[in-house]
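Visitor: Below is a structure I'd like to ask you about.
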Amino acid sequence: MENLYIYIVSLGCAKNRIDTEHMLGVLSGSNAVIVDAPDSADVIIVNTCGFIHDAKQESIDTILEMAKYKDAGARALIVTGCLAQRYSKELIEELPEVDAYLGVSSYSKIIDAIEAVLDGRKYVSCDRLDHDLTGRVLTTPAHLAYVRIADGCSNNCSYCAIPAIRGPLKSRGMKSILSELSDLRAGGVSEAVLIAQDTTRYGEDIGRPALSELIGEAADIMQGGWLRVMYCYPEGVTDAIIDTMLRHSNVCRYMDIPMQHFSDSVLSRMNRRHTRESSIALVERLHDLGFVLRTSLIVGFPGETEADSDIMADCVKSLKFERLGVFRYSAEEGTRAALMPYQVPDEEKMKRYETVMALQEGISQQICQGQIGQKARVIVDGIDAQTGIYVGRTMGQAPEVDGITYISSKKDLTAGTFHDVLIKDAYEYDLVGEIE
Ligand code: SF4
């Protein structure tokens, strides 16, 4: 392949970011030069997200925006990822400006796609292929890395399109994960984040549930650094997982457990395996053990009544999650929920969304204010571009989704290092600390 300037946009979740990093890994073995602006690119790649309405709209808008650069000299526009996997047939019709489509298991074919397009041919590869890509170019700060432990999902929540996009649960071999983690640690990564659609089911499809064992092994490799675990399905959080996390001081006392709702009738129509009672018991237990908890909720699910919304609001008030995200239900074609009666009107969804967000803002501010005067261990992420102040995160602040900690220090700080800070002030979601 001739020398080529390539610009890549990565949309969606951390799992999609890893796919982008693998594509960069494949390209790093060629004459590709990655540029940081589309107007100097020969080839533009958009790695899309496609699981709910808003994410799909953002992907389409980005593709159309990048297509404009074909008039300014870009020779190829390639769309990859979940939107391509889910809608390549429709997109081929609707977006003639796109030259190639790669699905979620075709990233290894990026060079074939580029060569075909530069040879004047359209290129599509969206079949489900076996792939265990190794070699990636990190797009996170050098001290931080996401590590995917499994792809796909077999939970089949009634509203979710991900199993149709990414297939059933497919766990990576533990040896492959641990060897990647060792390389990352040796390469200077001081915070590793284990991710999957549902990390708690890791290993079930290759023998037996093995997340607790994996956390133990990974924590040993990350000695002197931090290990964080995201996307834990409530019902999958076992004693073994909790015990292993507590046994290792470098495992963040943090758990991301998407509850989605607290009304039992809504949970059963969502095909979720947990109940209000089991959710409350788990949250209270983890809080008693000192865990910081993140969750996500869906408002406006088909058939959700005022009473269901009140149940959610009451649980949000009483359980006091430190971190909480809210999604308005999106009817996704191909899902059972999209065919359910009593779809909730958009304006009602927005009202319920704003109610929960307002509640959580108050709760989060209270929790952050409560940390003033306390000491906290932080990892330095770098310098905030706007304020010129050091920024970092506590164990209770996951990258990209939670608040941050502003750090004032008389001495120079290095990204990826750990320090004790005294919390001096707090906002709704962020903290202000000082290194003594
Ligand atoms: S667990 Fe998550 S990814 Fe899996 S089906 Fe449910 S919502 Fe989708």
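Visitor: Check S59, S40 and return the single one that is without any contact (Cβ under 8 Å) to a residue 60 or more places away in the chain, hydroxyl-bearing (S, T, Y), open to solvent by 40 Å² or more (accessible area, probe 1.4 Å) and not assigned by TED's automatic domain parsing to the domain that holds V229.
Guide: Criteria check complete, one pass: S40.
Visitor: Hey, another quick one. Only one of (1) open to solvent by less than 50 Å² (accessible area, probe 1.4 Å); (2) in contact with a helix residue (DSSP H, G or I) (Cβ under 7 Å, 6 or more places away or on another chain) fails for L286. Which number is that?
Guide: The single condition L286 does not satisfy is (2).
Visitor: Then there's this: Within the stretch 59-69, how many residues turn out to be in contact with a strand residue (DSSP E or B) (Cβ under 8 Å, 6 or more places away or on another chain) and farther than 17 Å from I92 by Cα?
Guide: So the count comes out to 1.
Visitor: Looking at the stretch 62-105, which of the residues that are of a type in the set (V, I, T) and more than 26 Å from the chain's Cα centre (by Cα) is most open to solvent (accessible area, probe 1.4 Å)?
Guide: Restricting to residues being of a type in the set (V, I, T) and more than 26 Å from the chain's Cα centre (by Cα), the top hit is I92.
Visitor: Continuing with the same structure: Look at S106 and say whether it is of a type in the set (S, T, N, Q) and either within 16 Å of the ligand (Cβ to nearest atom) or in the same structural domain as I298 (by TED's automatic domain parsing) (or both).
Guide: When the stated conditions are applied, S106 does not pass them.
Visitor: Can you tell me how many residues within the stretch 354-401 are open to solvent by 60 Å² or more (accessible area, probe 1.4 Å) and not acidic (D, E)?
Guide: Residues that pass the stated criteria total 15.
Visitor: Another question, then. Filter the stretch 311-348 for residues that are under 21 Å from the mean Cα position of the chain (by Cα), hydroxyl-bearing (S, T, Y) and closer than 29 Å to A281 by Cβ and give the result.
Guide: Within the stretch 311-348, Y329 is the sole residue that qualifies.
Visitor: Whether any residue in the stretch 149-165 is modelled with pLDDT of 95 or more, of a type in the set (F, W, Y) and either farther than 20 Å from I215 by Cβ or surrounded by fewer than 14 Cβ atoms within 10 Å (Cβ to Cβ) (or both) is what I want to check.
Guide: Yes, the conditions are met somewhere in the stretch 149-165.
Visitor: Oh, and also: Could you run through the stretch 339-369 and say how many residues are without any contact (Cβ under 8 Å) to a residue 60 or more places away in the chain and in a helix (DSSP H, G or I)?
Guide: Adding up the residues that qualify gives 21.
Visitor: Same structure again: Residues M230, M270, M259: which one is open to solvent by 10 Å² or more (accessible area, probe 1.4 Å) and within 15 Å of the ligand (Cβ to nearest atom)?
Guide: Unique residue meeting the criteria: M230.
Visitor: Still on this structure, I have one more. What number of residues in the stretch 310-338 are outside any helix (DSSP H, G or I) and either open to solvent by 60 Å² or more (accessible area, probe 1.4 Å) or among the hydroxyl-bearing types (S, T, Y) (or both)?
Guide: 9
Visitor: Name every residue in the stretch 354-402 that is acidic (D, E) and not assigned by TED's automatic domain parsing to the domain that holds L227, in order of residue number.
Guide: Residues satisfying the conditions are D381, D384, E400, D402.
The values are calculated or read from the model by the stated rules, or taken from the named source; none is laboratory data. What you see is a predicted model; the values in this text were computed from it and never measured. Note: ideal-geometry Cβ built from the backbone for every residue, glycine included; neighbour counts use all protein chains shown. Note: accessible area is taken over every heavy atom of the protein model, side chains too, but ligands, DNA and RNA are not part of it. Shrake-Rupley method; radii C 1.70, N 1.55, O 1.52, S 1.80 Å.
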